[in-house]
Amino acid sequence: MQMSKYEKGKIVTGCVTGIEKYGIFVGLDEYYSGLIHISEISNSFVKNINDYVNVGETIRVKVVESDDEACQVKLSIKDIDYRIGKRKRTKIEETEHGFLPLQEHLEEWIQEKKKEIVKKSIEDPGKN
């Protein structure tokens, strides 16, 4: 009996290729792909799968079941640290000046851009 490339319980890496309401599609290699059913995402209620992963993200997944004939794998991210290099989200904080610089310079910038557009249309009237 041949041993499966993706054994039950094994932790492997894959790339998120799609997200649907019912689960996450993961590409494991050039032949195998897998699905993390929504019930295998968290022990808690999953309201929005997009809160867990993004398409294109590389994640760790646990093999639940493997079908070598179909090259398909049932996967899970429950109870494992599935993130690889989790992106840090930084809070955008207002500076002490807020939008004041924009307010102060907006009219000047608009006039500069208008002059630039007029100059280009005079230099090459066929393009505009």
Restricted to region 83-94, and to residues that are surrounded by fewer than 13 Cβ atoms within 10 Å (Cβ to Cβ) and among the basic types (Lys, Arg), which residue is modelled with the highest pLDDT?
91
Among the residues of region 56-82, write down those that are among the acidic types (Asp, Glu), over 22 Å from the mean Cα position of the chain (by Cα) and either in a strand (DSSP E or B) or surrounded by 15 or more Cβ atoms within 10 Å (Cβ to Cβ) (or both).
65, 67
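The values are calculated or read from the model by the stated rules, or taken from the named source; none is laboratory data. None of these values were measured; they are calculated from a predicted model. In this analysis, Cβ positions are derived from the backbone assuming ideal geometry, glycine residues included, and neighbour counts consider all displayed protein chains.
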